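Since the structure comes first, as structure tokens, the remarks are kept for the end.
The values are calculated or read from the model by the stated rules, or taken from the named source; none is laboratory data. Quick caveat, the model's predicted, so the values are computed rather than measured. Here the Cβ positions follow ideal geometry from the backbone for every residue, glycine too, while neighbour counts run over all protein chains shown.
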Amino acid sequence: MTNTPTEGLQLTYSDVSADPMAATQLRQLLAEWLAEHVPNAGDRADAITLAAYEALANAVEHAYADRDSPGTMTLRATYHPADQQLHVTVQDQGRWQEPTPTTNRLRGRGIPLMQALADHPRIKPGPDGTIVNLEWNLAQPAED
């Protein structure tokens with residue numbers, strides 16, 4: 001797993017194995033990056049990290065369910081200090097699976113959780129994988 005530094009405040013991990021251990025590592029790396037580079041995330045850092053982790057977990061669990069071995073996923077976070085906008089993208093190259101209703105109260109919470117935690121969540125399934133874009137305006141206080 002390598003970080004590809006780019007101009008500005010950006011964190012990128014590409015072509016990471018879509019497995020549970022990698023998702024956990026990416027969650028930790030994002031949390032550390034937020035603490036170091038996005039100090040005004042403040043109390044929202046946990047929500048940002050959790051929303052991104054839910055997207056990563058969905059890639060791990062669902063995107064490659066029809067394969068014998070894990071595919072890959074990408075995590076990208078970009079912070080624009082001038083307007084205090086934070087963008088987090090999780091992308092896979094797997095196959096979208098429509099969420100199915102479940103009676104298990106511990107399942108099926110990922111997408112609603114991302115929607116509740118991000119200011120502007122967007123999920124774009126396509127033939128070449130799914131892109132989850134999560135955006136926060138850190139200039140505004142978090143809504144309760």
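Does Leu29 count as surrounded by 15 or more Cβ atoms within 10 Å (Cβ to Cβ), over 23 Å from Gly126 (Cβ atoms) and not basic (Lys, Arg)?
Details: surrounded by 15 or more Cβ atoms within 10 Å (Cβ to Cβ): yes; over 23 Å from Gly126 (Cβ atoms): yes; not basic (Lys, Arg): yes.
Yes, satisfied.
Out of the residues in the stretch 108-144 that are acidic (Asp, Glu) and at pLDDT 95 or above, state the one that is nearest to Pro70 (Cα to Cα). Applying the filter and picking the extreme gives Glu135. Residue count for the stretch 36-82, restricted to those that are in a strand (DSSP E or B) and within 21 Å of Glu135 (Cα to Cα): 8.
Per-residue answers, yes or no, for (1) in contact with a strand residue (DSSP E or B) (Cβ under 6 Å, 6 or more places away or on another chain); (2) surrounded by 13 or more Cβ atoms within 10 Å (Cβ to Cβ):
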| position | (1), (2) |
| --- | --- |
| Met21 | no, no |
| Gln25 | no, yes |
| Val38 | yes, yes |
| Asp46 | no, yes |
| Ala52 | yes, yes |
| Asn58 | no, yes |
| His62 | no, yes |
| Asp68 | no, no |
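Looking across Thr12, Thr24, one residue alone is modelled with pLDDT of 95 or more and part of a strand (DSSP E or B). It is Thr12. Select from the stretch 80-102 the residues that are more than 15 Å from Tyr13 (Cα to Cα) and either crowded, with 18+ Cβ neighbours inside 10 Å or among the basic types (Lys, Arg) (or both) and write down the one among them that is modelled with the lowest pLDDT. Looking at residues that are more than 15 Å from Tyr13 (Cα to Cα) and either crowded, with 18+ Cβ neighbours inside 10 Å or among the basic types (Lys, Arg) (or both), I get Arg95.
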